[in-house]
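Engineer: Handing you this structure, nothing more for now.
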Amino acid sequence: MVGYNMGHLASGTVEVVCGPMFSGKTEELIRRVRRAQIARQKVQIFKPTIDDRYHKSDVVSHSSLSVEAQPVTSSTEILANLYDSTRVVAIDEIQFFDEKIIPVIKKLARRGIRVICAGLDQDYKGSSFGPLPELLCMADRVDKIQAICTVCGAPASKTYRRNAEEMSDQVLVGESDHYEARCRGHWDDHEEDEDLLAFSHSLQSGETSHVSE
Ligand code: ADP
Ligand code: MG
């Protein structure tokens, strides 16, 4: 009898681990990779060349866990470097890949491969990052994890960039010198806070202009 989910008929899956910086995405990716290796599955790990913060060819977490990875300059390079025997593909910093990463991941899954992706869902402005929106939609499993707010210790879903007014590019590869994990309240722009405060005061005092029906 042909078993479900067995041998060459195994169906691939797409897993995404997302969240702000310092939330443990890389740790979680490494944990899943290590477990697959314990199960003696052939694993290949990729990362974009742009991310060489700690090591040119290792994926390294903020807590110094590391695993050997292949740096690639484009998403199609992942397919070019794939071995026939690979059962699991892990990709870190997925937000830095071009939009072709979506068809590449679909292709991997169609081949029966388990694809584990980790990356930032939002940039420091709170906008969605690169291919993440589509990736989250097509994934079989999504884990959105939180860091700890550096201001108050609450769970943090946002990445705050220091000196954001001086450097406003979406991509500025860096560490705690540039970025902090923050809860929504401590991430919001001071100006926006004031806007909101003024708005709620005007609501309370009935000063807002009402839309006529
Ligand atoms: P990510 O890949 O999401 O940026 P990592 O897996 O590299 O995160 O690192 C997570 C580790 O970062 C935590 O286990 C902890 O040791 C450390 N860390 C440093 N600052 C924070 C913070 N503000 N909140 C949570 N963890 C933090
Ligand atoms: Mg990481």
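The values are calculated or read from the model by the stated rules, or taken from the named source; none is laboratory data. Since the model is a prediction, treat every value here as computed from it, not as a measurement. For neighbour counting, all protein chains shown are included, and Cβ atoms are generated from backbone atoms with ideal geometry for every residue, glycine included.
Engineer: Looking only at residues that are in a loop (DSSP other than H, G, I, E, B) and crowded, with 17+ Cβ neighbours inside 10 Å in region 66-75, which one is farthest from ligand 2 (Cβ to nearest atom)? Write out each step before concluding.
Structural biologist: Residues of region 66-75 in a loop (DSSP other than H, G, I, E, B): 69, 73-75.
Then drop every residue that is not crowded, with 17+ Cβ neighbours inside 10 Å, which leaves 69, 75.
Values: Ala69: 11, Ser75: 18 Å.
Ranking the qualifying residues of region 66-75, first place goes to Ser75.
Engineer: Please give the number of the condition Cys152 fails out of (1) within 14 Å of ligand 1 (Cβ to nearest atom); (2) within 19 Å of Ser11 (Cα to Cα); (3) of a type outside the set (Gly, Ala, Ser); (4) assigned to a loop (DSSP other than H, G, I, E, B).
Structural biologist: With respect to (1) within 14 Å of ligand 1 (Cβ to nearest atom); (2) within 19 Å of Ser11 (Cα to Cα); (3) of a type outside the set (Gly, Ala, Ser); (4) assigned to a loop (DSSP other than H, G, I, E, B), Cys152 is out only on (2).
Engineer: In region 150-165, how many residues are out of contact with any Asp or Glu (no Cβ under 9 Å at 6 or more places or on another chain) and charged (D, E, K, R)? Break it down into steps so the answer makes sense when it comes.
Structural biologist: Looking only at region 150-165, we keep the residues that are out of contact with any Asp or Glu (no Cβ under 9 Å at 6 or more places or on another chain), and these are 152-155, 163, 165.
Applying the additional criterion that residues be charged (D, E, K, R) yields 165.
Looking only at that region, the number is 1.
Engineer: Across region 79-99, which residue is nearest to Arg35 (Cα to Cα) among those that are over 10 Å from the mean Cα position of the chain (by Cα) and among the aromatic types (Phe, Trp, Tyr)?
Structural biologist: Across region 79-99, the extreme among qualifying residues is Tyr83.
Engineer: Looking only at residues that are part of a loop (DSSP other than H, G, I, E, B) and at pLDDT below 95 in region 1-32, which one is farthest from ligand 1 (Cβ to nearest atom)?
Structural biologist: This residue is Met1.
Engineer: Select, from Ser57, Ser63, the only residue that is over 16 Å from Met21 (Cβ atoms), at pLDDT below 90 and exposed (fewer than 15 other Cβ atoms within 10 Å of the Cβ).
Structural biologist: On the way: Ser63 fails: over 16 Å from Met21 (Cβ atoms).
When all the criteria are applied, what remains is Ser57.
Engineer: On the given criteria, is Val60 in contact with a Ser or Thr (Cβ under 6 Å, 6 or more places away or on another chain), within 16 Å of ligand 2 (Cβ to nearest atom) and farther than 23 Å from Arg184 by Cβ?
Structural biologist: So Val60 fits the description; yes.
Engineer: Right, another one. Could you tell me whether region 33-40 includes any residue that is of a type in the set (D, E, K, R), within 11 Å of ligand 1 (Cβ to nearest atom) and in a loop (DSSP other than H, G, I, E, B)?
Structural biologist: Filtering region 33-40 for residues of a type in the set (D, E, K, R) gives 34-35, 40.
Filter again for within 11 Å of ligand 1 (Cβ to nearest atom), leaving none.
No, region 33-40 has no match at all.
Engineer: Can you confirm whether Lys106 is in contact with a Ser or Thr (Cβ under 6 Å, 6 or more places away or on another chain) and touching a residue at least 24 places away in the same chain (Cβ under 8 Å)?
Structural biologist: In short, no.
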